[in-house]
Amino acid sequence: MVSVDEQIKIIAKGADEIINLDDLRGKLERSQNNCTPLIVKLGLDPTAPDIHLGHTVVLRKIKQLQDLGHKAVIIIGDFTGMIGDPTGRSKTRTQLTREEVMDNAVTYKEQIFKIIDEKKTEVRFNSEWLSKLNFGEVIKLASNCTVAKMLEREDFKNRFQENESIGVHEFLYPLMQGYDSIVVQADIELGGTEQRFNILMGRSLQKNYGQESQVAIFMPILEGTDGIEKMSKSLGNYIGINEEPNDIYGKVMSIPDSLIIRYFELATDVSPDDLAQMKVLLESGRVNPRDLKMKLAKEITSLYHGSKSADTAEEHFRMVFQRHEMPQDIPEYELPKCMTDDTGVDAVDLLVKLGFSKSNSEARRLILQGGLKVNGNKIDTFRIPHLCDGDVIRAGRLNFVRIRIKS
């Protein structure tokens, strides 16, 4: 059995804030004395279908708590998701249909179990209880918070001061999320630092409804591969957990050296003691940052694709980026002859068709940043002047394709 002190050490690894440690210690001691696991809550609003490393920061912490013997309750916000979390929004979200939310929820469930232990997890949908509240119960719930308190939220306050509309239904969102904690009798709730208001609302509501307040554990926001902005698909600085092993490995290798320890801390299950040792080695100059980053890339790739695929991805990286060799087994793409003319090929359209860019704007950005090459020669215009059968296109650091001209 892991001691309470050791559990706190593991739980606190990488956490931005815990409210509060005395409550956590008391719950852990009672859990050990009664041989009962703590209920660890995580709410997910499936407003987008794909999970990247930024999302996994909280999920990895859930897994660590499961490994300590505790039970996760994942609440899929199929009801709250139709409103959408107003956190960080400058305008009211477009409400999703139930069909959109449920489609995303299916994908979420498939992906989260790549990280957390399904056998130690209970998945609940909050429509199970929120859709059954009558109007009197909603009024009772709403009476637990004042409008002044709601306007303390930075996003609501800013919108109010700038005369941007705030829907009354948006005020209900944190109350509904807090009510979820009452229903599942959460001992601990996890979330990113941007979820502070919502999670503390659950703590307050539990007390008002006669329950012991949950411990709030806030995890920091993970920077993307650019090392500056929050990891985001819209910014193109993300590492998706469903991406190919070569892509995950290569993207991790592209992060700034300054983020190596942070990624180990937030995106892996490396122990606090090993983490401290790596930090000392890096700061003292006794380890090459590149070698430590390769260890990180292999660790993260292994988490989502297994050690064998991680080994293969590492060899691919060594071959392409250290030995500057052309990768083996380059996929081929049949380009219809009608797509080529005397002026060349539309590079933006081709990158999107190849799946190397998600949108025309992302493709243009890649080209302007010097990320498009044909047979090793950089293309800095939006048209490829001449493309022949057998030419190899490289987009960014990781994507290769051999063109076959289809007559």
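Here is how the numbers come out for the structure above:
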quantity: Which numbered condition residue 145 fails, given (1) open to solvent by less than 40 Å² (accessible area, probe 1.4 Å); (2) part of a helix (DSSP H, G or I); (3) closer than 26 Å to residue 41 by Cβ; calculated: (2)
quantity: Contacts under 6 angstrom Cβ, first residue in the stretch 252-266 being open to solvent by less than 30 Å² (accessible area, probe 1.4 Å), partner not in a helix (DSSP H, G or I), 6 or more apart; calculated: 255/225; 259/227; 264/270; 266/14; 266/222
quantity: Residue check, residue 340 of a type outside the set (Lys, Arg), modelled with pLDDT of 85 or more and surrounded by 14 or more Cβ atoms within 10 Å (Cβ to Cβ); calculated: no
quantity: Any hit, the stretch 176-185, residues being open to solvent by less than 70 Å² (accessible area, probe 1.4 Å), not hydroxyl-bearing (Ser, Thr, Tyr) and not in a helix (DSSP H, G or I); calculated: no
quantity: First in the stretch 113-134 and within 20 Å of residue 50 (Cβ to Cβ), second anywhere and of a type outside the set (A, V, I, L, M, F, W, C) and assigned to a helix (DSSP H, G or I), Cβ under 7 Å, 6 or more apart; calculated: 114/304; 115/56; 115/60; 115/63; 116/63; 116/66; 123/109
quantity: Qualifying residue in the stretch 215-230 (condition: farther than 30 Å from residue 399 by Cα and touching a Pro at 6+ places or on another chain (Cβ under 9 Å)); calculated: no
quantity: Residue among 282, 275, 235 that alone is surrounded by 14 or more Cβ atoms within 10 Å (Cβ to Cβ) and free of Cβ contacts under 8 Å to residues at least 12 places away in the same chain; calculated: 235
quantity: Condition broken by residue 195, with the remaining ones in (1) at pLDDT below 90; (2) in contact with a Pro (Cβ under 8 Å, 6 or more places away or on another chain); (3) under 21 Å from residue 124 (Cα atoms) satisfied; calculated: (2)
quantity: Any chance residue 165 is open to solvent by 40 Å² or more (accessible area, probe 1.4 Å) and of a type in the set (Gly, Ala, Ser); calculated: yes
quantity: Only one of 88, 84 that is within 18 Å of the chain's Cα centre (by Cα), closer than 19 Å to residue 178 by Cβ, surrounded by fewer than 19 Cβ atoms within 10 Å (Cβ to Cβ) and at pLDDT below 85; calculated: 88
quantity: Residue count for the stretch 4-45, restricted to those that are open to solvent by less than 60 Å² (accessible area, probe 1.4 Å) and either more than 23 Å from residue 176 (Cα to Cα) or touching a Leu at 6+ places or on another chain (Cβ under 8 Å) (or both); calculated: 22
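The values are calculated or read from the model by the stated rules, or taken from the named source; none is laboratory data. Bear in mind the structure is a predicted one, so any value in this text is a computation, not a measurement. Glycine gets a Cβ as well: all are built from the backbone with ideal geometry, and neighbour counts include every protein chain shown. The area values use the complete protein model at the heavy-atom level, side chains included, leaving out ligands, DNA and RNA. Shrake-Rupley method; radii C 1.70, N 1.55, O 1.52, S 1.80 Å.
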